[in-house]
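First up is the structure itself, then whatever we jot down about it.
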Amino acid sequence: MTEFTGVKQPDFDTMASKHTEAARRLEELAQALHSELQSAGLDTSPATRLRQLAGRVTTQAEDLRRRQKLVHELQRQKVTFGKSTPAGSFLEMPDRLEAAKGLLDGTLAGRAALNAGDGDAKALAELEKYASRTGNAEFVKAFLGTLGARGMTQLPGSLAAQLRDARAHEDSDRVAQLSSQGKKALRMLSTALAKATDPKNPAYMGAGFTKDLAKEGRAEHKAGDTKYSGYQAQALIWRAHDGKPPFSKEFMEIVGRDVIVYEHEQRKDQWAASQDLLGRTFAGSQIPIFDLAGSFGLGTLLRPEAYVRSPGMKAESSVVDDLFHAVKSSREASQSLLDHTPAGWKESVLDYLLTTRWDASRYLGDYKQIRDMLVTATTGQDAASRKLAAEMIKVVADDVRGAFGKGESGNLEIKNRDTFDRLAPLRYPLGRAIAANIDELSRLVLNHATFGKVAAQDMDYALALATADDDAFEVLVRAQTEHMRAALDTVPPVGLDASNAERLGFTKSDVKEYDFDGDGRVDKADIIQFLTDRTVAEARPFTHIVEIRRQVLIAQGLDEEKADEALKTMVVDALGLLPVPGARQVGQLATGAFGELIGKEYDKLAGAGYYEIANQVAQQMSEHGRGLDETHRTLADNRLAVERLAEQMLATAMLNKGLFDEFPIKGQIFTTSTPPVIKPFAKMSAQEYSEFLRWVRDKGGSSSLLDRFGGTFRRTSEVDDYLGLQIPSSSAGGGR
């Protein structure tokens, strides 16, 4: 605690009393003076000033009385013990009243928690009264300072033991009461703990407190006759957390990393035995360390969302999964946990969790916590996210590679179903990681680059697992759609030259680069050339996503010709029919088309991840009415859906770049207003939209662009080579 004032209690009482008396006398004097001056017909402003002074002294007196009351209560509760000096005994008094109240309440709450840990039912009810106080930093520091790392560890253990005892005695009322009060106490502890272990929070208690938590976590504790590790008890606090505020990087560096190492040390021999021939013969399992709710068979009595593998089985929960729950609300904390190689290890924590420990996650069958954490850690637009995404893609690709091979038909076949199924829970987070780094897919396919240690073939095997999941496939297509829209936006507008380059957000050197025919001005021919180049480049990543999805469906014996409902929805909602955020120039007609949808909120998306932008675009379109073309609902397969998306994006790009600005639109059914402007796409009927696309083809030559996209998109030989299929590719217009 800081910012204390030392006071002698008798002198402080005297000062408070005299201030009160002075305020009273000043007020009386002000009233008397005002009456005399008014009677004499003189200016009453001196009395007014005296009354203002009386008011200030009254306010000070009230403040002193509140402080006096707190001093008496602090002393009565023995919250502070004062300090003896040659000048007398002084009581430490926080300068701010709120701090003093936090000190008092936090200390009382800490004592209640300690008593509750000793089995005092009344103390547990008393603790509940302070649940709303965790927003006060002084309360948190006093609360956890009184409770200490040991008390914080022992309270969940005591609650679990009391609940187990109540269940054993079939005392349903006591079970219900302990469960309700226990959950609230754990939530209160989790909020306080997150603040107290965050160096950026005013309630931070220092690294020493966090280190004490790790020490107590490894220590042996007792609940009745049952011994348990401190981490088994602390895990119940982590699982009670709601993510507000998130746990800090420092907490994960000190406690989180140690939890991973601790479980490995405790279980490595048993896990190794379960993998040998004898262990497998006798159905050995890779069992994680359960938290106390799991160990005591309490199910959801002290925690939510306990997973039950099958009817009749007891709910179980593990220490490490509870840690994942606590860490998943913070990208920085998640990355701090995963991007670390413990002393003496040859693999990072991320690698370890996906390989060595993966069967321990599979034992419980509850993958939500680890999947959420992986998504948090790998989907940002920062260097740490990209590093972890690349590592996850490589680790999973290496593992899943052996699950696939070429079948007799020449298509993909699942050769090792156990491996494929074992890794299935990673499909969605893997898909999200690739989607967040969709630009790397283009670099791998087009430039023969690497992404960390990931090569193009590794990426295709990762896609073979990820696209087996419907939701993962959807996010990948959404991300690549947004990537294509952004790529098309890099094409300059018609009419760009040295005189307007700066105004349109370009440089004179850009003009030279984009002026393909060297006439000093970017004209339609230049634009078409650049659109063609971008179109072909963007078709190839789409090939890998969609063809690999098709092959995985074949391998699973599913209907590969059926279009995914998510893709149908994307096409119907015209996901490709908006300019990209931050577009530097929009043609005159384009302004008419997009006027209602382009705005500050949309432009704020500039710089966001492709997946995030794609979701925002879809949301904007859905808010502006139904989809454009009901005939899109009859799409036969995913390739047709993607080609429709490409058609939308190319039409939008040509509109954006001013290729149609010189053509009159008067009399067209897809226009509105006077003078005519193109209707917002979301307000076009199916017939109007169809006519608009025909007009685009007639005026701008989009047919040749679509042919180039389709021809590249349907050429699958590269995917065949990477996956070892080597099937002769089909013609551009048909299927395989």
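The values are calculated or read from the model by the stated rules, or taken from the named source; none is laboratory data. This one's a predicted model, so the numbers in the text were calculated from it and none came from an experiment. Here Cβ is always computed from backbone atoms with ideal geometry, including for glycine, and neighbour counts include all displayed protein chains. Note: accessible area is taken over every heavy atom of the protein model, side chains too, but ligands, DNA and RNA are not part of it. Shrake-Rupley method; radii C 1.70, N 1.55, O 1.52, S 1.80 Å.
Of the conditions (1) open to solvent by less than 10 Å² (accessible area, probe 1.4 Å); (2) closer than 30 Å to H264 by Cβ, A383 fails just one. Which one is it? All conditions pass for A383, except number (1).
Scanning for something touching a residue at least 40 places away in the same chain (Cβ under 8 Å), under 30 Å from K512 (Cα atoms) and crowded, with 19+ Cβ neighbours inside 10 Å, does the range 468-479 turn up at least one residue?
No: zero hits.
The residues in the range 482-499 that are part of a loop (DSSP other than H, G, I, E, B) and of a type outside the set (S, T, N, Q) can be counted, and the count is 8. Among the residues of the range 110-122, those that are without any contact (Cβ under 8 Å) to a residue 60 or more places away in the chain and not in a loop (DSSP other than H, G, I, E, B) comprise G110, R111, A112, L114, N115, G117, A121, K122.
Taken over the range 697-725, the residue count meeting the criterion of being open to solvent by less than 50 Å² (accessible area, probe 1.4 Å) and either assigned to a loop (DSSP other than H, G, I, E, B) or in contact with a Pro (Cβ under 6 Å, 6 or more places away or on another chain) (or both) is 5. The set of residues in the range 575-615 that are in a helix (DSSP H, G or I), open to solvent by 70 Å² or more (accessible area, probe 1.4 Å) and modelled with pLDDT of 70 or more comprises Q588, T591, E612.
Of the conditions (1) in contact with a Lys or Arg (Cβ under 9 Å, 6 or more places away or on another chain); (2) open to solvent by less than 40 Å² (accessible area, probe 1.4 Å); (3) of a type in the set (V, I, T), T146 fails just one. Which one is it? Failed condition: (2).
In the range 346-356, the residue that is farthest from the chain's Cα centre (by Cα) out of those that are open to solvent by less than 10 Å² (accessible area, probe 1.4 Å) and more than 15 Å from D322 (Cα to Cα) is Y352.
Give I528, I545, I554 a once-over and let me know the one that is buried (at least 24 other Cβ atoms within 10 Å of the Cβ), part of a helix (DSSP H, G or I) and either in contact (Cβ under 8 Å) with a residue 12 or more places away in the chain or on the phi < 0 side of the Ramachandran plot (or both).
Working: I528 fails: buried (at least 24 other Cβ atoms within 10 Å of the Cβ); I554 fails: buried (at least 24 other Cβ atoms within 10 Å of the Cβ).
Only one candidate passes the filter, namely I545.
Determine, yes or no, whether K328 is under 18 Å from A235 (Cα atoms) and basic (K, R). Against the criterion (under 18 Å from A235 (Cα atoms) and basic (K, R)), K328 qualifies. Residue-level check: of (1) at pLDDT 90 or above; (2) outside any loop (DSSP other than H, G, I, E, B), A468 misses just (2).
Just for the range 223-254: of the residues that are of a type in the set (A, V, I, L, M, F, W, C) and surrounded by fewer than 24 Cβ atoms within 10 Å (Cβ to Cβ), which one is farthest from D118 (Cα to Cα)? My answer is I254. Here A207, A161, A196, A125 are screened, and the one residue that is touching a residue at least 24 places away in the same chain (Cβ under 8 Å), of a type in the set (A, V, I, L, M) and surrounded by 24 or more Cβ atoms within 10 Å (Cβ to Cβ) is A196. The number of residues in the range 386-440 that are surrounded by fewer than 17 Cβ atoms within 10 Å (Cβ to Cβ), in a loop (DSSP other than H, G, I, E, B) and in contact with an Asp or Glu (Cβ under 7 Å, 6 or more places away or on another chain) comes to 1.
Scanning the range 512-525 for residues that are aliphatic (A, V, I, L, M) and either surrounded by 14 or more Cβ atoms within 10 Å (Cβ to Cβ) or within 40 Å of the chain's Cα centre (by Cα) (or both) returns a single hit, V522.
Checked against (1) among the charged types (D, E, K, R); (2) buried (at least 16 other Cβ atoms within 10 Å of the Cβ); (3) over 21 Å from the mean Cα position of the chain (by Cα), E220 passes all but a single condition, namely (2).
So that you can scan it fast, the table gives a plain yes or no per residue for (1) out of contact with any helix residue (DSSP H, G or I) (no Cβ under 7 Å at 6 or more places or on another chain); (2) not small (G, A, S):
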residue: R174; (1), (2): no, yes
residue: T197; (1), (2): no, yes
residue: K200; (1), (2): yes, yes
residue: A214; (1), (2): no, no
residue: E253; (1), (2): no, yes
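The single condition among (1) surrounded by fewer than 16 Cβ atoms within 10 Å (Cβ to Cβ); (2) at pLDDT 95 or above; (3) of a type in the set (G, A, S) that A333 does not satisfy is (1). Can you spot a residue in the range 358-375 that is free of Cβ contacts under 8 Å to residues at least 40 places away in the same chain and open to solvent by 50 Å² or more (accessible area, probe 1.4 Å)? Looking for residues that are free of Cβ contacts under 8 Å to residues at least 40 places away in the same chain and open to solvent by 50 Å² or more (accessible area, probe 1.4 Å), one finds none in the range 358-375, hence no.
Being more than 19 Å from D458 (Cα to Cα) and out of contact with any helix residue (DSSP H, G or I) (no Cβ under 7 Å at 6 or more places or on another chain) is true for just one of A390, A383. Which residue is that?
Step by step, each of A390, A383 is checked, and only A383 is more than 19 Å from D458 (Cα to Cα) and out of contact with any helix residue (DSSP H, G or I) (no Cβ under 7 Å at 6 or more places or on another chain).
When R644, R694 are checked against the criterion of being assigned to a helix (DSSP H, G or I) and either acidic (D, E) or over 42 Å from the mean Cα position of the chain (by Cα) (or both), a single residue qualifies: R694.
Here K387 passes the criteria (1) under 27 Å from E547 (Cβ atoms); (2) modelled with pLDDT of 95 or more; (3) charged (D, E, K, R) except the one numbered (1).
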